[in-house]
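One structure is given here, and the rest of the page talks about it.
The values are calculated or read from the model by the stated rules, or taken from the named source; none is laboratory data. Small disclaimer: the values here were computed from a predicted structure and weren't measured. Cβ coordinates were reconstructed from backbone atoms using ideal geometry, including for glycine residues, and neighbour counts include every protein chain displayed. Note: accessible area is taken over every heavy atom of the protein model, side chains too, but ligands, DNA and RNA are not part of it. Shrake-Rupley method; radii C 1.70, N 1.55, O 1.52, S 1.80 Å.
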Amino acid sequence: MLTLVLVALLVLRCPCSTHVNVVSGSNGSGKSAVLQAMQCALGAQARKTGRGDKNGELVRTGCHEAKVQVTLWNTGDDAYQHRVYGDWLTVERIIKVNGTSKWRLLDHAGRKVSDRRKDLDGLLDHLNIDATNPLAVMTQDTSRSFLCGSVADKKKYDLFMQATMLEQMQSNLHRAQGFVDQMKTAEKDIIADHSKRKAGMDGLREKLSRLEASAGLVAQ
């Protein structure tokens, strides 16, 4: 079930079945707004929804905040922390007109369990939900471009890379390689410093041996 609340002035509730759900309506009736509200609740930023560049632009004109809640079934073998949340859980996001926002994770009784973004990320990762995947949620602009056949091959390739998460994997690999390169450089520096210190220790040992030898001669 999706509940969209705009500053407590307008409440839209969309109960959904456990199977396929179709939202229909005339142009401008808010079909895309419902979908993009779900995206926002599930971690997407405004620029990923195609509705603006800043989160504050998603708030209805004349209002100071917008609130959206998405309630997810939480049953079966893939349930997320079922002992904590119960048979369903709710993700709530409040977006202020100044662009700031906060999330809350609620259990089946509506009690707050967490307000940390990293817990939301853990939930989405566990349930394999990616609200920014262009094939899971395709914006009107992207759909229109494909239907009109005006998409260049490179854009199709970029879409494929993003949708299959190969782009993210490639980025992670490059980032990991950067860390490896940094560690190799640090290793060389440590080895060089160790060699320098070892040479210094060898020199000190040699001096100590000479002093001990000199002390022995004096004692005799």
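Observations, loosely collected:
- Here V68, V97, V59 are screened, and the one residue that is under 18 Å from Q39 (Cβ atoms), touching a helix residue (DSSP H, G or I) at 6+ places or on another chain (Cβ under 6 Å) and among the aliphatic types (A, V, I, L, M) is V68.
- Figure legend. Inter-residue proximity from the range 102-114: first residues under 17 Å from A66 (Cβ atoms), second residues assigned to a strand (DSSP E or B) and modelled with pLDDT under 95, beta-carbon distance below 6 Å, spacing 6+ or different chains. Indicated pairs: K102/I94; W103/R93; R104/E92; R104/K112.
- For F160: the one exception among (1) farther than 19 Å from Q39 by Cβ; (2) touching a Leu at 6+ places or on another chain (Cβ under 8 Å); (3) open to solvent by less than 50 Å² (accessible area, probe 1.4 Å); (4) of a type outside the set (S, T, Y): (3)
- Identity of the residue in the range 156-179, under 17 Å from N133 (Cβ atoms) and small (G, A, S), that ends up modelled with the highest pLDDT: S171
- In the range 29-55, the residues that are farther than 19 Å from S143 by Cα reach residues that are open to solvent by 60 Å² or more (accessible area, probe 1.4 Å) and of a type outside the set (G, A, S) with C-beta atoms within less than 7 angstrom, at least six apart or across chains, in these pairs: D53/R47.
- If the condition is being farther than 21 Å from C16 by Cβ and open to solvent by less than 40 Å² (accessible area, probe 1.4 Å), then the range 40-64 contributes A46, G52, N55, G56, V59, C63.
- Every condition in (1) free of Cβ contacts under 8 Å to residues at least 60 places away in the same chain; (2) open to solvent by 70 Å² or more (accessible area, probe 1.4 Å) holds for Q140 except the one numbered (1).
- Flag if D193 is surrounded by 11 or more Cβ atoms within 10 Å (Cβ to Cβ) and charged (D, E, K, R): no
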